[in-house]
Structure formats: structure tokens, C-alpha cells
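See below for the structure under consideration.
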Amino acid sequence: MFINGSKVTDDFYDKGANYWKTVDATIDGMLGGFAHISNIDIKGSKKFLSQFIEPLNPPDKKKVPIDHQLKSENKRRALDCGAGIGRVTKNLLLDFFHVVDLLDVNQSFLEEARNHIGPDIYDKRIGQAYCSSLHEFKPNEGIEYDVIWCQWVTGHLTDTHFIDFLLKCRQILKPDGLIIIKDNHTSSDEIDDDMNDSSVTRPHWLYKDIFTKAGLNLISEKRQYQFPKGLYPVRMFAMKAEKIELNQK
Ligand SMILES: C[S@@+](CC[C@H](N)C(=O)[O-])C[C@H]1O[C@@H](n2cnc3c(N)ncnc32)[C@H](O)[C@@H]1O
């Protein structure tokens, strides 16, 4: 298994999953002790996503109850990858999508998501909660997404698995669907390893290289501003692609 030509150990995925078992199922746990950046992160994401999709209940329009909208056939659906306890789903995705599916390697985070999002909303609007590593993800047949959102998780994938995962995303996107990646990148051209949580931080060019290899067209890219100094730069990438057929083994 390789990341930009450097071999990672065979236990790369087990070590990552084991690290997350030691982390509290809280916002602070999801954000590595930076719970206070959650609001600004969500604000930046809302602005970015609003370029492409209107919220379900835009502030300047008459409110249509979501329960009513849920009966419509044109329900919008998103997949939250590396969802954790559902911080992004609760504060961002449920404002734009009628139904959201969660995907995370950690079962206890997914269980906590029901409390975090609120049991009432969870039961009505969370479709699937897939417990799987991204590189082993087997989506249910027949579900397609308007947006697949991956935030602070792709550093847990090798390059090959990252590309394979993006190819899988292309199979389950609606024709006009978007893949959005929000993640750290290094300020240099080099990769940084984190032995603690078994992840890497990629340089900006390597993301672009991976997107190209997965056949994605980058349609918008934006830096997240107003994060505290000393953190990695964070960028949002929105991508489209031609659909490819689902071929599951
Ligand atoms: C930094 S947290 C981010 C959580 C969430 N995206 C957010 O922004 O609040 C990383 C999440 O990725 C999950 N994760 C780590 N490795 C993973 C993998 N290989 N496949 C799926 N999820 C993974 C962890 O369990 C954790 O919930």
C-alpha cells in the first residue's frame, strides 16, 4: 500500500480504526480538541454549498415543513463520509438534503449520531448508517446521491484506495451530483504522516492528481478562512463527473 510512492505499513487501516476507538464521541473528539472552530467551519461550508444548491428552506422564502417535503418524489439525498457523530450532517447537510446517509468506520460514533442529531430528526431523515472503512464501502443498491460530502477523512486512505473510493462515488452519484471534499493540505509540496492516528496530510497538488486519476472535473475550490493560525490550510473541492456503472462484487 502506497501514499505518493511511500509504503505504508499493512496495519495502516487497523491502526486508524483503533485510534478512533480511543476518541470521545463529542464535537471536541471529532475536531481533535478544536470544538470552537465548528461554527466557522459550518459557516464556510454553507456558503460553499449554497453556490450549487439552495437550502431546503431559504430564509427569504415561505417555509415548507420538511415533513411535507419528505412526501415528495424529488427528495434530495446526501452521503456524509467519515460522518463521526454527525456534526456535519446535523449542522450543514440536513439544511440542504431531505435524507442523509452516514458512513464511518466507528460504530460508537454512528450510535451517538442519533443523540447528537436528535432521535426525532434522526429517525425521519437519516437513511442508512453504514459502518465501514471508506475503502471497503458497499453502498446499498438503488440509492443515488445529489452530494457526497467527505470531510477530514480522506487522509485515512492510501492513494489507490482514495482513487477507488472516488470511482465508487461516481457510480452512486445522480447525473448532476457533486462530490465535495473538505480537508487539510500541507503548505509544502510534501506529505506529512501522523503516526498517532495513522493518517496523512496531502499536499494540494496530490489532491488534484488523485481527482484527475479518478476522472473528476474540479468545478470549484475554496479555502476555508478564519481558522486559527497553526492549523493546516483547509480547502473545499467540488467535483462533477460522468456517471459510471455500479459493478459490485
Ligand atoms: C476528524 S473526524 C471528522 C468527523 C466529521 N467528518 C466532522 O467533520 O465532524 C474523522 C472521522 O473519520 C472516521 N474515519 C477514520 N478513518 C476512516 C475510514 N478509513 N473510513 C471511514 N471513516 C473513517 C473517524 O471514525 C472519524 O469519525
From phi via Karplus (6.51, -1.76, 1.60), per-residue ³J(HN,Hα) for the range 107-124 in Hz, x at Gly/Pro: 5, 5, 5, 5, 5, 5, 4, 5, 5, 5, 6, x, x, 5, 5, 4, 5, 7
Helix axis angle, 38-50 relative to the chain longest principal axis, alpha carbon, degrees: 70 degrees
Karplus (6.51, -1.76, 1.60) ³J(HN,Hα), θ = phi - 60°, over the range 178-190, in Hz, Gly and Pro reported as x: 10, 9, 10, 10, 10, 7, 6, 9, 6, 8, 9, 8, 9
Stokes-Einstein D for the chain, Kirkwood Rh over Cα pairs, 4 °C, 1.567 mPa s (µm²/s): 70 µm²/s
Of 43/174; 124/222; 71/124; 71/182; 63/124, pairs whose Cα-Cα distance is over 22 Å: 43/174; 124/222; 71/182
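If I take every Cα pair under 8 Å that is 6 or more residues apart in the chain, average their sequence separation and divide by the length, what percent do I get for the relative contact order? Let's see the in-between values first.
Working: 412 pairs, mean separation 46.2, N = 249.
After rounding, I find 19 percent.
Residue separation times 0.36 nm, minus the C-alpha to C-alpha distance between residue 217 and residue 108: what's the value? Before the final figure, lay out each step's value.
Working: separation 109, 0.36 × 109 = 39.24 nm, distance 3.50 nm.
Computed gain between residue 217 and residue 108 is 35.7 nm.
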Reciprocal of mean inverse Cα separation for the range 148-249 (Kirkwood radius, Å): 14.2 Å
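What is the range 77-136's relative contact order, in percent, from Cα pairs under 8 angstrom and six or more apart in sequence?
Details: 102 pairs, mean separation 23.7, N = 60.
Dividing the mean separation by the residue count of the range 77-136 yields 40 percent.
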Cα-based reach from residue 47 at 14 Å (exclusive), listing aspartates and glutamates while leaving out same-chain residues under 8 positions away: 95, 221
Nearby aspartates and glutamates by direct alpha-carbon distance to residue 75 (threshold 12 angstrom, same-chain neighbours under 8 apart not counted): 67, 144, 146
Label-zone membership for the range 122-139, site residue 71, 7 angstrom Cα→C-beta point, backbone N under 19 Å: 124-125
Table column - 3J(HN,Hα) (Hz), the range 21-35, Karplus curve with 6.51, -1.76, 1.60, x for Gly and Pro: 5, 8, 9, 5, 7, 9, 4, 4, x, 5, 10, x, x, 10, 3
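Given charges of +1 on the Cβ of Lys and Arg and -1 on the Cβ of Asp and Glu, with all other atoms neutral, how large is the dipole of the chain about its Cα centre, in debye to the nearest 20?
The calculated dipole for the chain is roughly 1000 debye.
Every number here is computed from the coordinates shown, using simple stated rules; none is lab data. This structure is a prediction, so every number in the text was calculated from the model and none was measured. Here Cβ is always computed from backbone atoms with ideal geometry, including for glycine, and neighbour counts include all displayed protein chains.
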